[in-house]
Amino acid sequence: MADNTLTLKFDEISAMALIEKVGKGIILPIVNDAGKSAYAIAVAHGFQGSEQDWLNSLRGPKGDKGSAEETAQILKKDGEFLKSVKGPKGDAGSAEKAAELLKSKNIYLENTKVDTILTKLIETLSESGYIADATFRQLEYTQPRTGQDYIDLTGEPHFKVAINDGEKREFESDNMRVAIEPFGPKNIELKYYDLNDNEQLTLIIRGTNATPDKAETATNGVVYKKFGDDLEIDVSNYDGTSVFNFGPSAWTVSNEAHITIKTNKKVVLLLNDASINNNQSAPIIDQYSKMSVNEPTLIIFKAVNSDTHMLIGFDNADGTHTYAYTRGRDLYITWDSTQNKYVNSATETL
């Protein structure tokens with residue numbers, strides 16, 4: 001029959017660890033069939049003295065005080081040793097078989113280094129037309145409003161742009177927002193640089209009071225101003241009854257022009273199918289139009305009838321590009337403040 005006795009057996013190492021942790025007050029009797037204690041083994045091998053004397057004998061003598069200088073000397077020697085095992089700089093990799101193949105094609109190489117061969121290959125392929133300069137995204141901007149202290153730009157990732165000859169800023173993606181002085185009368189100059197820091201393009205954003213290259217005031221009160229290839233349209237004095245045209249009659253506007261529409265009061269611009277054309281009857285407005293509205297909550301577009309169908313694209317202040325349309329019952333294109341974009345609507349107000 002089993003009893004309630006628990007017998008623990010220790011080897012010499014376990015016994016020593018237990019003695020050190022518990023202390024001198026522990027008593028480890030030798031029981032039948034159990035392993036001997038470390039002290040008992042020491043006595044059996046001739047040790048004379050108490051158990052505490054035996055424990056004290058296990059401690060070694062106190063060592064000498066360490067020397068920082070000596071340690072430094074050791075580290076110095078170790079460092080010199082590590083340097084000594086570093087071999088000499090290896091020769092540049094070579095590609096002798098590739099060099100022989102190019103030589104068989106009568107292509108001269110100064111040597112058989114990999115870099116030399118790759119450089120010659122790229123030069124040869126470029127001269128033959130197999131490698132052309134990569135196309136990249138052109139620099140574009142969203143027209144800032146008066147007093148706006150930032151400008152939104154789009155361009156090629158890792159290309160750079162400098163504003164008014166300031167610091168070059170790199171595109172980490174295809175768009176970025178850059179702080180500027182509050183936009184006003186002063187022009188903004190944008191310089192666009194490629195991966196090699198070569199200047200690719202310069203754009204000028206005209207200040208609010210800049211002198212236009214051309215100007216026209218239409219009979220319906222709309223004022224058109226030409227700044228380079230860009231067009232500014234002021235509809236503050238629009239009569240509200242005549243058809244509105246996106247292009248002036250005095251000069252031809254292309255569909256690549258940046259168009260800015262501004263106002264100082266609420267207006268509803270009446271549109272027919274010809275409203276999107278320039279003075280050459282060519283359309284300049286579609287869903288991809290580069291057009292911004294400085295006060296979108298104040299400007300509403302309205303088709304004159306349900307047969308007027310058109311798509312109008314907008315560059316929004318948040319850097320997004322959206323479009324809306326007129327068709328059927330949806331005669332209006334109006335600003336939706338909840339979505340921050342123009343939307344088509346059956347009514348003037350949402």
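The values are calculated or read from the model by the stated rules, or taken from the named source; none is laboratory data. Treat the numbers as computed from the prediction; the structure is a model and nothing was measured. Neighbour counts run over all protein chains shown; Cβ positions are idealised from the backbone, glycine included.
Test S289 against the criterion of being buried (at least 20 other Cβ atoms within 10 Å of the Cβ) and either touching a residue at least 24 places away in the same chain (Cβ under 8 Å) or under 16 Å from N245 (Cβ atoms) (or both), and give yes or no. It would help to see each step written out before you state the result.
On the way: buried (at least 20 other Cβ atoms within 10 Å of the Cβ): yes; either touching a residue at least 24 places away in the same chain (Cβ under 8 Å) or under 16 Å from N245 (Cβ atoms) (or both): yes.
So S289 passes the test.
Can you tell which of E232, E172 is acidic (D, E), in the same structural domain as S281 (by TED's automatic domain parsing) and touching a Pro at 6+ places or on another chain (Cβ under 8 Å)?
Among E232, E172, only E232 is acidic (D, E), in the same structural domain as S281 (by TED's automatic domain parsing) and touching a Pro at 6+ places or on another chain (Cβ under 8 Å).
Of the residues that sit in segment 226-242 and are surrounded by 20 or more Cβ atoms within 10 Å (Cβ to Cβ) and at pLDDT below 95, which one is nearest to the chain's Cα centre (by Cα)?
Taking segment 226-242 as the starting set, the residues that turn out to be surrounded by 20 or more Cβ atoms within 10 Å (Cβ to Cβ) are 227, 230-233, 235, 238.
Okay, now just the ones that are also at pLDDT below 95, so 227, 230-232.
Values: F227: 32, D230: 29, L231: 31, E232: 32 Å.
Going through the qualifying residues, I end up with D230.
Residues of segment 294-350 being of a type in the set (V, I, T), buried (at least 17 other Cβ atoms within 10 Å of the Cβ) and assigned to a loop (DSSP other than H, G, I, E, B), which ones?
T308
Mind checking which strands (runs of 3 or more DSSP E) fall wholly inside segment 201-246 and carry at least 3 residues that are closer than 30 Å to V161 by Cα? Step through it out loud before you land on a result.
Values: elements: 214-217, 223-227, 230-234.
Once the strands (runs of 3 or more DSSP E) in segment 201-246 are filtered for at least 3 residues that are closer than 30 Å to V161 by Cα, what remains is 223-227, 230-234.
Those residues that are farther than 14 Å from L269 by Cα and of a type in the set (S, T, Y), I need them from segment 295-324; list them, please.
Once the filter is applied, which keeps residues that are farther than 14 Å from L269 by Cα and of a type in the set (S, T, Y), segment 295-324 yields S306, T320, T322, Y323.
Could you grab the pairs with beta carbons closer than 6 Å, sequence gap of 6+ or different chains, first residue in segment 47-61 and modelled with pLDDT under 80, second one of a type outside the set (A, V, I, L, M)?
Note: pairs meeting the criteria are W54/Y39; W54/F47.
Filter segment 277-293 down to the residues that are part of a loop (DSSP other than H, G, I, E, B) and under 36 Å from the mean Cα position of the chain (by Cα), then identify the one that is nearest to I151 (Cα to Cα).
The selected residue is K290.
Please go through segment 137-186 and give me each residue that is buried (at least 17 other Cβ atoms within 10 Å of the Cβ), of a type in the set (S, T, Y) and in a strand (DSSP E or B), ordered by number.
Answer for segment 137-186, where residues must be buried (at least 17 other Cβ atoms within 10 Å of the Cβ), of a type in the set (S, T, Y) and in a strand (DSSP E or B): Y141, T154.
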